[in-house]
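To start, the structure itself, in structure tokens.
Quick note: the coordinates plus some simple rules give every number you see, no bench work behind them. Note that the structure is predicted; figures quoted are calculated from it, not measured. Cβ atoms come from the backbone with ideal geometry, glycine included; neighbour counts cover every protein chain shown.
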Amino acid sequence: MTSATPTGTAPHRAAVLRLHEVSHTYSGGRRRTTVLKNIDCTFERGTLTAVLGPSGSGKTTLLSLASGLDTPTRGTISFDGRDLAELGLGRYRNRHAATIFQQYNLLTYMTALQNVTTAMEITGAKPATGSRRSRALQILEDMGLDRATATRNVLRLSGGQQQRVAIARALACDVDILFADEPTGNLDEDTADGIVDTFRELAHAQGKCVIVVTHSQRLAAKADRVLTLRKGRLTERRDAEGDRGI
Ligand SMILES: Nc1ncnc2c1ncn2[C@@H]1O[C@H](COP(=O)(O)OP(=O)(O)OP(=O)(O)O)[C@@H](O)[C@H]1O
Ligand SMILES: [Mg+2]
């Protein structure tokens, strides 16, 4: 078990999420696929982590488990020292973790704005000043979506715009951990760079733990840690030494 917390770091770098001996097997009919094998990893507040790995290597599976959408076949996952099973997966997802899904998972009968405000209502996120609506409009505008776009049904937005609504929705929920599954896959380089800078700022200025699955080396280069998932095992890239087990 390796923690990335060096002795004496600031409190906002404290461990927030821990996967302990986590394995996951999908079984359908007679076929069983073990996607994750004995993963041991700690994630801290105040850090941006990139997770790389080939298609089908289990990155989305890893995020599903760590974000409390599914439970591992073996091992435990804990938030702030409490087992998710004991904390309650629903409570964890509502209060402590937000996810930007690979397929966005927007509510398609709503506008962009309604998607964001509904998430704020469900998670109980309250802006320091002003209404949820004005805060949601501000975040959408920060993502490059003006009011006319924000008040349009999400099915009438482009793929890249929908992706930015999904990001805005997660940012609007004031949680400890932000999970993002390929969040810049549909965006041009400049827009993608802006999103990565937002993730860095959330981690470094606001002390959030941000975990991003990506195929982008450009994004990985801006992360504090780079993990690679391959054949069910997670390794950490350390520049001078190459990848090594964690
Ligand atoms: N619900 C499921 N039932 C059975 N097998 C599944 C299920 N979900 C995923 N798998 C399998 O588990 C493996 C890992 O899938 P996963 O979606 O986690 O990969 P990924 O690394 O996110 O891939 P990509 O980069 O293409 O998004 C794949 O072989 C996939 O077919
Ligand atoms: Mg995936």
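Would you mind putting 14-21, 161-168 in packing order, based on average other-beta-carbon counts within 10 Å, highest first? If you can, show how the numbers build up before the last one.
Details: 14-21: 18.5, 161-168: 24.8.
Put in order of decreasing packing, that is 161-168, 14-21.
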When the chain is fully extended, how far beyond the present Cα-Cα distance does Arg133 get from Leu107, taking 0.36 nm per residue of separation?
-> 7.7 nm
Helix 112-123 versus the longest principal axis of the chain: what is the Cα-based angle in degrees, 0 to 90, to the nearest 10?
-> 60
Residues whose modelled amide H sits under 5 Å from the amide H of Gly75, counting only those 5 or more places away in sequence or on another chain, are Ser23
So what's the angle, to the nearest 10 degrees on a 0 to 90 scale, between helix 189-204 and the longest Cα principal axis of the chain?
-> 70
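Let me know the charge dipole size of segment 69-131 about its Cα centre in debye, to the nearest 20, where only the beta-carbon of Lys, Arg (+1) and Asp, Glu (-1) is charged.
On the way: 6 positive and 5 negative charges, 11 e Å.
Dipole size: approximately 60 debye.
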³J(HN,Hα) across segment 170-184 via Karplus (A = 6.51, B = -1.76, C = 1.60, θ = phi - 60°), whole Hz, x for Gly/Pro?
-> 6, 5, 6, 8, 7, 10, 7, 10, 10, 9, 9, 9, 6, x, 10
The chain - Rg and Dmax from Cα coordinates, angstrom | 17.8, 55
Percentage relative contact order, the chain, counting C-alpha pairs under 8 Å, at least six apart | 27
Considering amide H positions built from the backbone, and no H for Pro or chain starts, which residues 5 or more places from Gln102, or on another chain, come under 5 Å of its amide H?
-> Asp181
Cα Rg, Dmax (largest Cα-Cα span) when computed across segment 121-246, Å | 16.3, 50
At 10 °C and 1.306 mPa s, what whole-number value in µm²/s does Stokes-Einstein give for the translational diffusion of segment 1-131, with Rh from the Kirkwood sum over Cα pairs?
-> 94
Mean separation of Cα contacts under 8 Å, 6 or more apart, over the residue count of segment 82-150: relative contact order % = 27
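Output the antiparallel fraction of DSSP beta bridges having both residues in segment 68-217, as a percent to the nearest 5. Each step should come with its number before you reach the end.
Working: 3 of 12 bridges.
So the antiparallel bridges in segment 68-217 amount to around 25 percent.
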Which angle between 0 and 90 degrees, to the nearest 10, do you get for helix 132-142 versus the longest principal axis of the chain when only C-alpha atoms count?
-> 70
Residue by residue, what Karplus-based ³J(HN,Hα) values in Hz, rounded to whole numbers, does segment 228-238 have, using 6.51, -1.76 and 1.60 with θ = phi - 60° and x for Gly and Pro?
-> 10, 9, 8, 6, x, 10, 9, 10, 10, 7, 10
Any idea how far the Cα center of segment 171-219 sits from the one of segment 99-141, in Å?
-> 17
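Report the calculated FRET efficiency for Glu121 and Asp146 (r = Cβ-Cβ distance, R0 = 22 Å), to the nearest 0.05. Each step should come with its number before you reach the end.
Working: r = 23 Å, r/R0 = 1.05.
Plugging the Cβ-Cβ distance into 1/(1 + (r/R0)^6) gives 0.45.
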Here P(r) for segment 72-162, Cα-Cα distances in 10 Å bins, as whole percents, is 14, 39, 27, 16, 3
For segment 53-117, convex hull volume per residue from C-alpha positions, Å³ = 122
Sorted by mean Cβ packing within 10 Å, highest first, what order do the peptides 133-139, 78-84 take?
-> 133-139, 78-84
